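Asker: Have a look at this one.
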Amino acid sequence: MADQEAAAKQRIVSHMNADHQDSIARYVEHYCKASSFTASKARLSDISLGSMSVDAAGRQFTISLEPPMQSWREARERLVQMDRDCLVGLGRSDITVKQYTRPRGAHAVVFVVCALTYVLVSRRANALPGSFIYDHVLSYSPGFAAFVAQVQPVVLALMIGIHVVEASIMARRLQRHNVAQLSGLWWQWVASCFIEGFGALQRVDALVQQARREKEKQKH
């Protein structure tokens, strides 16, 4: 009997860590009030009929199962329901963004243009004689260089202002789709959005839509 119980526990722990790590992270966030950054790499270390032990960020969190389960047959339904409660409590989607997709095609062109524009207008001196950019690029079009020098403060302020707003929208979207704040994936998406703007938001939405379609297929 003890061997069967140990085997059941190990199956649950292995399955959750392998296939439902995002659910474990949400348990820690919702029930233990931990930050998404703390919970981002949470791992289920033990489970009993009455509680779960989760390791995250060098700490161990204990999550009570109320009421306690009567048998291991209840585990799947209970853990699924707990995750649903977490999604509602945290205001999250059941779709998790797990990867960054780099810009391609038109998005890549916009990314490069925006990045070069940031470099050009980062300081007025870039459009004046003596700078590397002027001497090697803008000197061939002094009229354009003079125009850039004149509008540089306005263009820089507009670009930063607009892209900060878009990056903030991205951060909220990532939070809804279970990307831990300040994680490597979070920085990839937010930094990309700050540079290129709307294209990054479109790619996140495409990932979510693809995951949604795959989830719907699994139901049939």
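The values are calculated or read from the model by the stated rules, or taken from the named source; none is laboratory data. Quick caveat: nothing in here was measured; it's all calculated off a predicted structure. Glycine also receives a Cβ, built like all others from the backbone with ideal geometry; neighbour counts cover every protein chain displayed.
Asker: Tell me, which residue of the range 28-48 that is surrounded by fewer than 16 Cβ atoms within 10 Å (Cβ to Cβ) and in a loop (DSSP other than H, G, I, E, B) is farthest from the chain's Cα centre (by Cα)?
Answerer: SER48
Asker: Looking at (1) exposed (fewer than 13 other Cβ atoms within 10 Å of the Cβ); (2) within 30 Å of THR96 (Cβ to Cβ), which one does MET170 not meet, given that it meets all the others?
Answerer: Only one criterion is unmet by MET170, namely (1).
Asker: Answer yes or no as to whether ALA211 is in a helix (DSSP H, G or I), under 28 Å from LEU116 (Cβ atoms) and either hydrophobic (A, V, I, L, M, F, W, C) or at pLDDT below 95 (or both).
Answerer: Criteria not met by ALA211.
Asker: Can you go through LEU174, LEU182 and tell me which one is within 27 Å of ALA42 (Cα to Cα), part of a helix (DSSP H, G or I) and within 12 Å of the chain's Cα centre (by Cα)?
Answerer: LEU174
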